[in-house]
Amino acid sequence: MGIKVVTKKSMRVLQVSRETTVFGMKKTFSQAFETVSAYMAKKNVKCEFAPCALYRELDWNAMNHTNPLLKLISAAFKKWKIDIGYPVFQDMTGEGDIVLAQLPAGKYLECLHKGPYDKVGETYKIITDFAEKQNMKLKDFSIESYLNCPTKVKPAELETRIAVAVE
């Protein structure tokens, strides 16, 4: 599980924005991907890249320097702000709460998480510890790309590419 410093280009994403707690994540993601993929099928738009999510308004300091019990309680009740969708090549319009947006270009710390989604926090911790040791300042968002499908592989085989933006 190596960390790379990468420069990403901006990418178009057909997405919906959602807020949810940890307990509602599975349902929220499932409904969001279903909504966007149905719209893409209706518009005959092919999915060329892995589905993704942009987590907004992240407070890395609070996540990494809080008492573990308080961190657990906070994470459980926090309303996570997430943009969920599929990268697309086409310049197109959305419908209803589906919008065409851009994943931000820039410098990122990137790492591949292998295993169940409920363990992804361990990989984030590795990334944030790396950034701290390297004196890198993290921006308040991250991007997760889902490289395989939880309905087709075992949880231990799931692969999630995590990219945390840096200044």
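Read-outs throughout are calculated quantities, based only on the coordinates presented, and are distinct from any laboratory measurement. Owing to the predicted nature of the structure, the values given are computational and were not obtained by experimental measurement. No Cβ is skipped: glycine too gets one built from the backbone with ideal geometry, and neighbour counts run over all protein chains shown.
Between Tyr86, Leu138, Cys111, the Cα set farthest toward the positive side of the dipole of region 4-166 (charges on each charged residue's Cβ, about the Cα centre) is that of Cys111. Across Asp97, Asp140, Asp83, mean-square fluctuation computed from a Gaussian network of the chain (C-alpha pairs under 10 Å connected) peaks at Asp97.
With springs only between Cα atoms under 10 Å, which of Lys26, Lys79, Lys42 fluctuates most in a Gaussian network model of the chain? Top of the fluctuation ranking is Lys42.
Cα extents for the chain along the principal axes, largest to smallest and rounded to whole angstrom: 47, 33, 29. Placing +1 on each Lys and Arg Cβ and -1 on each Asp and Glu Cβ, with no other charges, gives the chain a dipole about its Cα centre of roughly 180 debye. Mind checking which of Lys125, Lys154, Lys114 has the largest fluctuation in a GNM of the chain, springs on alpha carbons under 10 Å? The residue with the greatest mean-square fluctuation here is Lys154.
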